[in-house]
1. On the basis of being in a helix (DSSP H, G or I) and either buried (at least 16 other Cβ atoms within 10 Å of the Cβ) or aliphatic (A, V, I, L, M) (or both), does Met187 make the cut?
2. Of all residues being touching a residue at least 40 places away in the same chain (Cβ under 8 Å), part of a loop (DSSP other than H, G, I, E, B) and β-branched (Val, Ile, Thr) in region 40-67, which is surrounded by the most Cβ atoms within 10 Å (Cβ to Cβ)? Just the residue, please.
3. Going through region 180-199 one residue at a time, which ones are out of contact with any strand residue (DSSP E or B) (no Cβ under 6 Å at 6 or more places or on another chain) and within 18 Å of His122 (Cβ to Cβ)?
4. Of all residues in region 1-13, count the ones that are buried (at least 17 other Cβ atoms within 10 Å of the Cβ) and in a helix (DSSP H, G or I).
5. Here are some residues: Ala234, Ala175, Ala163. Which one is crowded, with 16+ Cβ neighbours inside 10 Å, over 23 Å from Ser131 (Cβ atoms) and either within 16 Å of the chain's Cα centre (by Cα) or of a type in the set (S, T, N, Q) (or both)?
6. For region 190-201, what are the residues that are buried (at least 16 other Cβ atoms within 10 Å of the Cβ) and small (Gly, Ala, Ser)?
Amino acid sequence: LGVISSGVAYQYAKEVFPGASFLKLAMTYPLPQNLIRQFATQVERVIVIEELDPFLQENIQTMGIEVTGKEFIPRVGELNTDIIAQGGRSAGLLPETSPSPKIEITSELPRRSPLLCPGCPHTGIFFVLSSLGQRSKPPGAKGKLPREPRLIITGDIGCYTLATYPPLSAMDTTACMGASIGQALGMEKAGISRKVVAVIGDSTFLHSGITPLVNAVYNEGQITVIILDNGTTAMTGHQEHPG
């Protein structure tokens, strides 16, 4: 059995089919056709494990290679090992065995909200922003917090979005990559009296934050933009970027 996959689906498939031969595609377009043809000649059957639409499968089929995948793998939703294993059993690729017993998690475990990683350089800036905006109580403080914080913080897409959760509670909006700067400008132009601060990661800024920053400068926006530079693309694979 030969399995062609990419991304996180490869990791799941590797667990489900430990004895299969694998071709992991780092670049899915354009397809490395010679590599795929060579791989297909070395196995008796080729399947494709991929999330959502059969992009890889259909493109490989147009190469004249017999391949299956979406006949037994769902087209919708995220994959996991259980879903792939169920599909493998329905396709006769795995024995019809009972699924592994699920591990019961005791209800006595305390609930823990997602947090920024220990040592994350963003924790400090969000602590300062939270304190300036009176979003969290400093140690020893008494009384209730104001209903409306002094500071509006427009957030962006990245691991730093976790600063939304307590105890930092340092983010009011999160829409899409690059939206923080445009939202901050829009609030300022709409007459919001409170100070507006936009926070955006270095990778997201280079991806889609430059245009709204240019627009903010052109429209003479009185906003503060903080670019959170942690020296890496931490959320999506640690790949390099122009910064």
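1. yes
2. Val67
3. Within region 180-199, none qualify.
4. The number of residues fulfilling the criteria is 4.
5. On inspection, the qualifying residue turns out to be Ala234.
6. Ala198, Gly201
Taken together, the values in this text are just the output of simple stated rules run on the coordinates, not laboratory data. Every value quoted in this text rests on a predicted model; they were computed, and no experiment measured them. Don't worry about glycine lacking a Cβ; one is built from the backbone with ideal geometry, like all the others, and counts go over all protein chains shown.
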